[in-house]
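Trainee: Take this structure first; my questions come after.
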Amino acid sequence: MGHVADIYQQIAENTDADPKLQAYALCDLGTVKQRSRYVRQPGGLERLLQIVERSSKLLPLSDPKHTVNFFSLSGAYWRLGELDKSLQEAEKAVAFYSQANDIFGMARGFFASLEVYAVEGVTLFSCKKRTLTNYRL
């Protein structure tokens, strides 16, 4: 996987590359860097936050690739045991997809939330009640 991360990094650093291509490469680099072996290293979370911030600045506001950043941060926080932050990021993805009327994307976001709730030991019923009351399907 290091080779793929190196390719994403090269694209992101290429000043001649299209900004959208750079943003997408950064988003995909974030999916690699949210894994335990990266995010648990000293400075790993900070590096991921920088990647996400940079890609978010390059992406148009309506681009669904933003959700990749939300899921990357959710996964990183989950791996670090910061479950409230993990849940907040998953809920950002649900809100993004809700605004775009993308029910499949919302389902993906709800699933990510369920993973966090499972770690917290919260019942499925209370999860549905908390999450579904905030959004219209």
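Trainee: Looking at Lys85, Lys33, Lys20, which is the one that is under 14 Å from the mean Cα position of the chain (by Cα) and surrounded by fewer than 21 Cβ atoms within 10 Å (Cβ to Cβ)?
Mentor: Result: Lys85 is the single residue among Lys85, Lys33, Lys20 that is under 14 Å from the mean Cα position of the chain (by Cα) and surrounded by fewer than 21 Cβ atoms within 10 Å (Cβ to Cβ).
Trainee: Being at pLDDT below 95 and more than 20 Å from Tyr117 (Cα to Cα) narrows it down to one residue among Asp28, Asp84, Asp16, Asp6; which is it?
Mentor: Residue meeting the stated conditions: Asp6.
Trainee: Any idea which of (1) in contact with a helix residue (DSSP H, G or I) (Cβ under 9 Å, 6 or more places away or on another chain); (2) assigned to a helix (DSSP H, G or I) is the one Gln50 doesn't satisfy?
Mentor: (1)
Trainee: Of the residues Ala100, Ala95, which is surrounded by fewer than 17 Cβ atoms within 10 Å (Cβ to Cβ), touching a Pro at 6+ places or on another chain (Cβ under 9 Å) and modelled with pLDDT under 95?
Mentor: Exactly one residue qualifies, and that residue is Ala100.
The values are calculated or read from the model by the stated rules, or taken from the named source; none is laboratory data. Keep in mind it's a predicted model, so treat the numbers as computed, not measured. With ideal geometry, Cβ positions are generated from the backbone for all residues, glycine too; neighbour counts draw on all protein chains shown.
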